[in-house]
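Just below is one structure, and these are the notes that go with it.
The values are calculated or read from the model by the stated rules, or taken from the named source; none is laboratory data. The model shown is predicted, which means the values in this text are computed figures rather than measured ones. Don't worry about glycine lacking a Cβ; one is built from the backbone with ideal geometry, like all the others, and counts go over all protein chains shown.
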């Protein structure tokens, strides 16, 4: 048995199924869409007020989630 070298590929870690990239990217895109819909609706001022933060949160989430493994 030999010692692992720096050139050996890293061992695969088990990533939780609920945190896979495809599902989390879909959730992030849904949050972005919700923020845009909140921004474009003319009826409730509270939704319009929080629309930018919702869109910003979804965008930041998408950036982080895009680094997750498949």
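Summary table below
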{"quantity": "Residue 63 being in a helix (DSSP H, G or I), exposed (fewer than 15 other Cβ atoms within 10 Å of the Cβ) and in contact (Cβ under 8 Å) with a residue 24 or more places away in the chain", "calculated": "no"}
{"quantity": "Residue list for region 9-25, filter: assigned to a helix (DSSP H, G or I) and loosely packed, with under 11 Cβ neighbours inside 10 Å", "calculated": "17, 18, 22"}
{"quantity": "Which numbered condition residue 9 fails, given (1) touching a helix residue (DSSP H, G or I) at 6+ places or on another chain (Cβ under 9 Å); (2) at pLDDT below 95", "calculated": "(1)"}
{"quantity": "In region 38-49, the residues that are touching a residue at least 12 places away in the same chain (Cβ under 8 Å) and loosely packed, with under 13 Cβ neighbours inside 10 Å", "calculated": "none"}
